[in-house]
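The values are calculated or read from the model by the stated rules, or taken from the named source; none is laboratory data. Quick caveat, the model's predicted, so the values are computed rather than measured. Positions of Cβ are backbone-derived with ideal geometry, glycine not excepted, and every protein chain shown enters the neighbour counts.
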Amino acid sequence: MSNLNNPQLQTTQNIKNYLHEALNNIPDFNNCALLDYPSYSNIGDHLIWLGSVLYIFQHRKAKIDYVSSIGNGFSESDFLNRSKGGPIFLNGGGNFGDIWPAFQIFREKIIEQYRDRSIVILPQTIYYSSEEALEKSAQVLNKHPDLTIFVRDDRSFAIAQQAFFKCKVYKAPDMAFQMVDLPKTNINSSHSNQTLYLCRKDAEMNKKFKPKNIPVENLDVDDWISFNWMGKIPKGWIYVPGLVRLIREGWQRGLKTPQEWGSRQAWQWLHPDSSVFNQVHRPELHRKSWGYMHSGIYQLQNYNLVMTNRLHVHILCLILNIPHILLPGSYYKIPAFYDTWTSQIPFCHLIENVNEIPDAIKRLTFQ
């Protein structure tokens, strides 16, 4: 499905409806496992995770009796003790392929090891730089008797249909769209007159769009604010119980006023959807992701205009109705997703060259 001239993809609610329609291809289930928790600080992956949890628990009315991250976060004994049957869900995102190999290695290990369980890969972008790597993955996936793959763009869909021909393949938007109509709470943030360029600088960055090349004055350049937080106590520090948490909850998260602190606490504990996490295995993980979502909302709502090369900044801006400019990354993930789902939404423009940015800003400013 291409988004071109499709009137049914002109709002985020339309896109969420397509998500549900696609996921209806998963047969009914009462219990499940959900794997690949993002045990790192990329807010976008936490949005995907939250969308998956809320979809399974609220929309499908099913119990998630085991969750884990990849690698050592997964315990086979705990999984066998806790998981009461039903599908194994492998969380969605942009790590299907060989650009982030650790995730694909874990994914294929689970698929090889649990051929007696139905396995569902939630919406992913597929990208292989090596045809040989794609063929090796296909050998593993095509041997599973009940594997369903959801992909989140037309190009990934074509790859999956050809390579994973023994699997059930469907197209669906990103799981973060599950949160389109999430009840809003008052997240107080002060507006800046600057334009935010929320810029990723890792393997997926298109170097043509380095901040120094952007022809915009008054540009505030940053990445997800969560990347500025301390993940662990540095060497040489004296360990004080709770110290890292206090640092995160204090100046590191920018909670400089009582209003900001109160907003976070209300989001964490009083939001009507936050009670879901007490009913899912390892509630502390989901509450951590929920806190990441608050930080992402707070960061973006400080600006009237955003520019980004991160897909989930795009998606969160759509959910928050923030005008923004979308820039391509190092491969087709962003333009393929935009062309498939979001190009009809009027307050976002995908541009291909830096010299298009000033005109795009004018169109969004005077819209």
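Please determine, by comparing only the residues of the range 21-55 that are of a type outside the set (G, A, S) and surrounded by fewer than 17 Cβ atoms within 10 Å (Cβ to Cβ), which one is farthest from G73 (Cα to Cα).
If we filter the range 21-55 for residues that are of a type outside the set (G, A, S), which is where we start, we get 21, 23-32, 34-38, 40, 42-43, 45-50, 53-55.
With the extra rule that they be surrounded by fewer than 17 Cβ atoms within 10 Å (Cβ to Cβ), the set shrinks to 21, 24-25, 27-28, 30-31, 40.
Values: E21: 32, N24: 29, N25: 29, P27: 28, D28: 28, N30: 24, N31: 20, Y40: 12 Å.
Top of the filtered list is E21.
Which members of the range 310-367 meet the condition of being buried (at least 21 other Cβ atoms within 10 Å of the Cβ) and acidic (D, E)?
Selection gives nothing.
If I go through the range 1-25 residue by residue, how many of them are in contact with a helix residue (DSSP H, G or I) (Cβ under 8 Å, 6 or more places away or on another chain) and either modelled with pLDDT under 95 or not in a helix (DSSP H, G or I) (or both)?
Number of matching residues: 6.
So S69 passes all but one of these: (1) within 30 Å of N309 (Cα to Cα); (2) modelled with pLDDT of 95 or more; (3) surrounded by fewer than 16 Cβ atoms within 10 Å (Cβ to Cβ); (4) out of contact with any helix residue (DSSP H, G or I) (no Cβ under 8 Å at 6 or more places or on another chain). Which condition number does it fail?
Just one mismatch for S69, condition (3).
Here is a yes/no grid of residues against (1) modelled with pLDDT of 95 or more; (2) more than 20 Å from W341 (Cβ to Cβ):
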position	(1), (2)
Q268	no, yes
S274	no, yes
N278	no, yes
R282	yes, yes
I297	no, yes
N302	no, yes
V306	yes, no
H314	yes, no
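Is there a residue being at pLDDT 85 or above and either hydrophobic (A, V, I, L, M, F, W, C) or loosely packed, with under 13 Cβ neighbours inside 10 Å (or both) anywhere in the range 247-254? Outline the logic, then answer.
Of all residues in the range 247-254, those at pLDDT 85 or above come to none.
Within the range 247-254, none of the residues are at pLDDT 85 or above and either hydrophobic (A, V, I, L, M, F, W, C) or loosely packed, with under 13 Cβ neighbours inside 10 Å (or both).
When both residues are 6+ apart or on different chains and their Cβ atoms are under 8 Å apart, which pairs have a first residue that lies in the range 83-104 and is more than 17 Å from L122 (Cα to Cα) and of a type in the set (G, A, S), and a second that is in a helix (DSSP H, G or I) and at pLDDT below 95?
Hits for this filter: A102/G71.
Please determine, by comparing only the residues of the range 155-169 that are buried (at least 18 other Cβ atoms within 10 Å of the Cβ) and not polar (S, T, N, Q), which one is nearest to N24 (Cα to Cα).
Our first condition is that a residue be buried (at least 18 other Cβ atoms within 10 Å of the Cβ); within the range 155-169, this holds for 155-157, 159-160, 163-164, 167, 169.
Imposing the further condition that a residue be not polar (S, T, N, Q) reduces the set to 155, 157, 159-160, 163-164, 167, 169.
Values: R155: 22, F157: 17, I159: 22, A160: 19, A163: 23, F164: 20, C167: 17, V169: 13 Å.
Result: V169.
Take the residues in the range 162-213 that are of a type in the set (S, T, N, Q) and part of a strand (DSSP E or B), then tell me which one is nearest to Y332 (Cα to Cα).
Of the residues in the range 162-213, the ones of a type in the set (S, T, N, Q) are 162, 178, 185-186, 188-190, 192-195, 206, 213.
Imposing the further condition that a residue be part of a strand (DSSP E or B) reduces the set to 192, 195.
Working: S192: 32, T195: 25 Å.
Among them, the one singled out is T195.
Hey, can you tell me all the residues within the range 51-110 that are among the aliphatic types (A, V, I, L, M) and either in a loop (DSSP other than H, G, I, E, B) or closer than 24 Å to F164 by Cα (or both)? Show your work before the answer.
Start the filter on the range 51-110 by keeping residues that are among the aliphatic types (A, V, I, L, M), which leaves 53-54, 56, 62, 64, 67, 70, 80, 88, 90, 99, 102, 105, 110.
Answer for the range 51-110, where residues must be among the aliphatic types (A, V, I, L, M) and either in a loop (DSSP other than H, G, I, E, B) or closer than 24 Å to F164 by Cα (or both): A62, I70, I88, L90, I99, A102, I105, I110.
Given the residues V244, V216, V240, which is the only one that is assigned to a loop (DSSP other than H, G, I, E, B) and at pLDDT below 70?
Values: V244 fails: assigned to a loop (DSSP other than H, G, I, E, B); V216 fails: at pLDDT below 70.
Residue meeting the stated conditions: V240.
What's the total number of residues in the range 292-326 that are in a loop (DSSP other than H, G, I, E, B) and under 17 Å from the mean Cα position of the chain (by Cα)? Talk me through it step by step, then tell me what you get.
As a first pass, look at the range 292-326 and keep what is in a loop (DSSP other than H, G, I, E, B): 301-302, 304-305, 309-310, 321-323.
Next, from what is left, pick out any that are under 17 Å from the mean Cα position of the chain (by Cα): 309-310.
The number of residues fulfilling the criteria is 2.
I need the full set of residues from the range 272-290 which are in a loop (DSSP other than H, G, I, E, B) and under 19 Å from the mean Cα position of the chain (by Cα), in order please. Please lay out each step first, then the result.
Step one: of the range 272-290, the residues in a loop (DSSP other than H, G, I, E, B) are 272-273, 280-282.
Result: D273, single match.
Testing D28 on (1) part of a helix (DSSP H, G or I); (2) modelled with pLDDT of 95 or more, one condition comes back false. Which one is that?
For D28, the failing item is (1).
For residues in the range 188-229 being among the small types (G, A, S) and surrounded by 12 or more Cβ atoms within 10 Å (Cβ to Cβ), which is farthest from H324 (Cα to Cα)?
First, pick out the residues of the range 188-229 that are among the small types (G, A, S): 189-190, 192, 203, 226.
In the following step, the residues that additionally are surrounded by 12 or more Cβ atoms within 10 Å (Cβ to Cβ) were identified as 189, 192, 226.
On the way: S189: 18, S192: 15, S226: 20 Å.
Looking at the filtered set, the residue picked out is S226.
Only one residue in I126, I159 is in a helix (DSSP H, G or I), within 24 Å of the chain's Cα centre (by Cα), among the β-branched types (V, I, T) and farther than 23 Å from I64 by Cβ. Which one?
Working: I126 fails: in a helix (DSSP H, G or I).
The unique qualifying residue is I159.
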